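Participant: I'd like to ask some things about the structure below.
No value in this document is a laboratory result; all are computed from the given coordinates. This is a predicted model, so every value here is computed, not measured. Cβ placement follows ideal geometry from the backbone for every residue including glycine, while neighbour counts extend to all protein chains displayed.
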Amino acid sequence: MPDPGSTRPVGLSMFFPAYNDGGTIASLVILAVQVAGRLTPDFEVIVVNDGSADATREILEELARAYPQVRVIHHPRNRGYGAALRTGFAAATKDLIAYTDGDAQYDPAELPVLWNRLTPDADVVNGYKISRSDPLHRIVIGRVYHHIVKVLFRLRVRDVDCDFRLIRREVFDRVKLEKDTGVICLEMCGRFRTRAFVSSRYRCTITTGSTAARSSSISGGCSGRVWTC
């Protein structure tokens, strides 16, 4: 949320890591342009194409021609999810960075919920899944995994793997990420915690394919410059 005392509109970089997401990325980017434009006039939408073998590259180039706010970065080969995130964070130029996956697992229309939770005493807003459409055994495995991770690494984040976050760009002046794989999610949460950044939380809906927006609601919160989710 912008500082009420500031005369300059807060800047927002929204980015998507994409790998073979030709079936979903166009609708996500268009929606992101619309949503970001309603939050602030100063925004950019970035897509990091991580060496996709499908039509993702061609679709992104067409989107960049159609929307001046859209920037596309191509990895010449697939480097991994973590590498795509690190590229996106490094490319972002605005005050705030929001990101989610290019496969439409999360709905960019819910970005205003994160935006409204980013109070002046918070540096990070982290989402978590309300519901899952996975088979029962995957849900159980996921819950066991998250419990073990939280205990071992002393993380109070409800869902480490929910890749729907809003982060102040200045955080990355102090936090350096190194992982090229999906382990980057754990690395990120761990390093945010050790740097004593704040994380508020909200409930985000998990969707599949290009499903339309679903509802979300705020749950909990925190105060002070501590990691409390």
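Participant: Just grab the label-to-label distance for Arg65 and Arg8, each label 7 Å out from Cα along the Cβ direction, in nm (one decimal).
Facilitator: 3.5
Participant: Once fully extended, how much extra length lies between Ile30 and Asp173, figured as 0.36 nm per residue of separation less the alpha-carbon to alpha-carbon distance?
Facilitator: Here the answer is 48.5 nm.
Participant: Rounded, prolate or oblate: which one fits region 7-59, using the alpha carbon gyration tensor with axes a ≥ b ≥ c (rounded when a/c is under 1.5, else prolate when a/b beats b/c, else oblate)?
Facilitator: On the way: a/c = 4.26, a/b = 2.41, b/c = 1.76.
Taking the square roots of the gyration eigenvalues as a ≥ b ≥ c, region 7-59 is prolate.
Participant: Which value in nm describes the separation of the simple spin-label points at Arg77 and Ala55, placed 7 Å from the Cα toward the beta carbon?
Facilitator: 2.7
Participant: Let me ask something else about it. Projecting each Cα onto the charge dipole of region 27-70 (Lys/Arg +1, Asp/Glu -1 at the beta carbon, about the Cα centre), which of Val29, Ile59, Phe43 comes out farthest on the positive side?
Facilitator: Selected residue: Phe43.
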